[in-house]
Amino acid sequence: MISRNDISPASKRRAVVDIGSNSVRLVVYDGPPRAPMPICNEKALCGLGRDMTPEGGLNPAAVEDALATLKRFRHVLDDLGRPPVTVIATSAVREAADGARFVEAAQTIGFEVEVISGAEEGELAALGVVSVEPGATGLVGDMGGGSLELAVLDNGEPGERLSLPIGPLSLMHASNGDMKVAAGLINDHLNAVPFLEKGAFDTLYAVGGAWRGVARIHMSLKNYPLPVLHHYELTPAQAIEICDLVSRQSRKSLEEIPGIPRRRIDTLPLAATVLRTVITRMKAKRVCMSSGGVREGLLYRQLSPEERGSDPFLDACQFYADRLAPDPSFGEKAFGVVEPLFSLDDPDGARLRRGATLLCDIGAYFHPDMRGRHAFDTALRAPFASVSHEERLWMALALFRRHQGRSAAPPNEHAMALLSEEAQRRATQFGLALRFIAAIAPKATAALEGCSLEAREGELIFRAPSDRQALMGETPRRRFVSLAAAFDAIAVEQYDD
């Protein structure tokens with residue numbers, strides 16, 4: 001795991017500039033190598049692939065806009081201490097007759113642009129999904145402005161991949177805005193995909209701004225209580241229904257939906273049509289939105305095998321503990337005390353419990369009344385990889401109970417409805433265990449040495465060396481009794497000589 005000594009903010013930053021067909025984006029990442037966190041995410045919807053010239057050149061106005069954006073990004077990167085930056089260009093520059101001239105212009109600004117092939121773009125999209133979903137198996141679809149990249153993932157390893165010219169901007173140009181013609185073009189290109197077999201893949205990992213926009217519309221219409229796109233899942237029926245709805249909407253109707261950039265709106269109906277066709281062709285059993293894409297794939301590809309083997313979720317949790325907890329090692333020590341209480345009944349939950357324990361003191365520097373809310377919101381909204389929405393909610397509830405106790409209502413009760421009663425019960429038990437441990441050894445890891453919790457035949461037993469008995473004051477004992485009650489057990493203290 002990452003320790004505080006391993007991190008110096010300026011030196012660990014790295015950046016990616018992504019020059020796409022619709023947008024030009026700068027993302028600056030900080031944090032652990034295996035869990036990069038965007039601290040600066042700037043984009044301009046320049047539309048390089050929109051309204052290309054009759055000779056196949058880039059739109060001159062879009063080029064001017066893109067170069068002005070790159071100049072701004074150069075200033076931002078200079079002000080941030082010039083972190084290492086990787087610059088790529090995709091479909092629009094790759095296909096344009098004057099793409100090389102644009103690359104030369106970008107070079108005069110100070111950017112060495114690599115124009116990547118469609119196959120490489122597909123591989124990077126797949127690696128981006130792996131970076132946030134280790135061991136993923138399924139089909140990755142990355143919907144860009146000019147092209148759709150498809151790639152096979154088998155247990156975290158990219159396989160066959162290709163690029164198809166059916167991004168919404170390319171379809172607009174090729175179909176002259178006729179949706180029936182566009183639908184025919186989509187089918188013609190997908191017919192040539194050898195690995196798009198019905199039933200071959202259960203999961204479609206959806207990447208790209210346009211498809212994320214479709215998912216946002218679904219979340220809005222559903223009044224979904226957790227505004228996190230990563231790992232937002234749709235059934236095939238839900239995905240097809242929202243795609244049909246979006247593909248039929250007028251621009252004015254789409255503009256009334258909050259959170260959708262206006263300059264992306266005209267691409268959504270075509271992007272939704274492509275998504276529907278891919279889902280239908282592959283007979284996907286679920287559609288999973290992924291925050292990992294080409295940019296994250298670039299960073300992942302640069303990692304050593306040892307770094308790739310690290311757990312991005314636990315690395316991120318330790319990263320937050322290193323910055324927000326008075327003693328970053330407290331969580332790991334506390335985990336050793338409380339985990340035996342839960343491991344026999346739920347061994348598969350150990351990873352999530354470890355992450356929650358690492359975060360158990362991140363509210364320490366906030367007002368006591370706000371610590372539970374802060375920890376709750378961090379679990380829900382922090383850019384954690386490789387956790388589902390249900391797991392986020394479980395961790396949020398456990399951390400809230402750690403600070404606020406058993407009876408306080410969580411900040412987002414609507415979201416809690418996504419968790420089963422059993423999951424809520426277990427999260428409460430775990431949070432109360434952390435609450436007790438934090439009281440018996442407040443910010444003091446040495447006091448936890450030799451301590452353990454155990455459930456046995458209607459008793460909840462706290463065992464500790466005899467010299468820790470003095471630590472069991474009024475507050476720790478009250479919290480221990482509350483923890484035992486959550487297990488329908490009697491609180492028993494045992495102190496060993």
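The values are calculated or read from the model by the stated rules, or taken from the named source; none is laboratory data. What you see is a predicted model, and the numbers here were worked out from it, not measured in a lab. In this analysis, Cβ positions are derived from the backbone assuming ideal geometry, glycine residues included, and neighbour counts consider all displayed protein chains. These area figures cover heavy atoms from the full protein model, side chains too; ligands, DNA and RNA do not enter into them. Shrake-Rupley method; radii C 1.70, N 1.55, O 1.52, S 1.80 Å.
Condition check: open to solvent by 10 Å² or more (accessible area, probe 1.4 Å) and in contact (Cβ under 8 Å) with a residue 40 or more places away in the chain. Does Ala89 satisfy that? Considered against the rule, which asks whether it is open to solvent by 10 Å² or more (accessible area, probe 1.4 Å) and in contact (Cβ under 8 Å) with a residue 40 or more places away in the chain, Ala89 comes out as no. A single entry from Ser247, Ser253 fulfils the requirement of being assigned to a helix (DSSP H, G or I), out of contact with any helix residue (DSSP H, G or I) (no Cβ under 6 Å at 6 or more places or on another chain) and more than 25 Å from Arg25 (Cα to Cα): Ser253.
A Cβ distance below 9 Å, combined with a sequence gap of six or more or placement on separate chains, defines the contacts here; from the range 291-306, residues that are in contact (Cβ under 8 Å) with a residue 60 or more places away in the chain and farther than 13 Å from Pro134 by Cβ reach residues that are β-branched (Val, Ile, Thr) and assigned to a loop (DSSP other than H, G, I, E, B) in the pairs Ser291/Val228; Val294/Thr90; Val294/Ile116.
Candidates Val207, Val115: the one that is within 25 Å of Gln238 (Cβ to Cβ) and either hydrophobic (A, V, I, L, M, F, W, C) or within 20 Å of the chain's Cα centre (by Cα) (or both) is Val207. Kindly provide the set of residues from the range 352-377 that are over 25 Å from the mean Cα position of the chain (by Cα) and open to solvent by less than 70 Å² (accessible area, probe 1.4 Å), ordered by number. Result: Ala364, single match. Can you say whether Thr267 is within 30 Å of Ser23 (Cα to Cα), β-branched (Val, Ile, Thr) and either open to solvent by 10 Å² or more (accessible area, probe 1.4 Å) or not in a helix (DSSP H, G or I) (or both), as far as the supplied structure shows? Answer is no for this residue.
Being acidic (Asp, Glu), in contact with a helix residue (DSSP H, G or I) (Cβ under 9 Å, 6 or more places away or on another chain) and either at pLDDT below 95 or closer than 14 Å to Ala438 by Cα (or both) is a property that Glu332 has.
Residues in the range 30-62 that are over 28 Å from Leu171 (Cα atoms) and part of a loop (DSSP other than H, G, I, E, B): Gly31, Pro32, Pro33, Arg34, Ala35, Pro36. Restricting attention to the range 28-70 and to residues that are among the β-branched types (Val, Ile, Thr) and closer than 19 Å to Gly81 by Cβ, the residue that is most open to solvent (accessible area, probe 1.4 Å) turns out to be Ile39. Counting only residues that are small (Gly, Ala, Ser), in contact with an Asp or Glu (Cβ under 9 Å, 6 or more places away or on another chain) and farther than 13 Å from Arg373 by Cα, the range 394-424 holds 2 of them.
Taken over the range 282-313, residues that are under 30 Å from Met179 (Cβ atoms), open to solvent by less than 10 Å² (accessible area, probe 1.4 Å) and not in a loop (DSSP other than H, G, I, E, B) amount to 4. A count restricted to the range 92-121 and to residues that are exposed (fewer than 14 other Cβ atoms within 10 Å of the Cβ), free of Cβ contacts under 8 Å to residues at least 24 places away in the same chain and closer than 26 Å to Pro33 by Cα stands at 0.
Based on what the data block shows, is Ile279 without any contact (Cβ under 8 Å) to a residue 40 or more places away in the chain and open to solvent by less than 50 Å² (accessible area, probe 1.4 Å)? The answer is no for Ile279.
Scanning the range 314-351 for residues that are surrounded by 22 or more Cβ atoms within 10 Å (Cβ to Cβ) and among the hydrophobic types (A, V, I, L, M, F, W, C) returns Ala316, Cys317, Phe319, Ala321, Ala325, Phe330, Ala334, Val337, Val338.
Among the helices (runs of 4 or more DSSP H) confined to the range 134-224, there are none with at least 3 residues that are crowded, with 16+ Cβ neighbours inside 10 Å, of a type in the set (S, T, N, Q) and on the phi > 0 side of the Ramachandran plot. Only residues that are over 17 Å from Phe480 (Cβ atoms) and among the β-branched types (Val, Ile, Thr) were counted in the range 413-466, giving 1. Among the helices (runs of 4 or more DSSP H) lying completely within the range 383-497, list those that include at least 1 residues that are open to solvent by less than 10 Å² (accessible area, probe 1.4 Å) and either at pLDDT 95 or above or under 17 Å from Val337 (Cα atoms) (or both). Result: 389-404, 421-440, 474-486.
Is it the case, given these coordinates, that Glu160 is in contact with a Phe, Trp or Tyr (Cβ under 7 Å, 6 or more places away or on another chain) and either among the polar types (S, T, N, Q) or over 22 Å from Pro269 (Cα atoms) (or both)? Yes, satisfied.
The residues listed here are Ala151, Ala105, Ala125; of these, the one that is farther than 25 Å from Arg264 by Cα and aliphatic (A, V, I, L, M) is Ala105.
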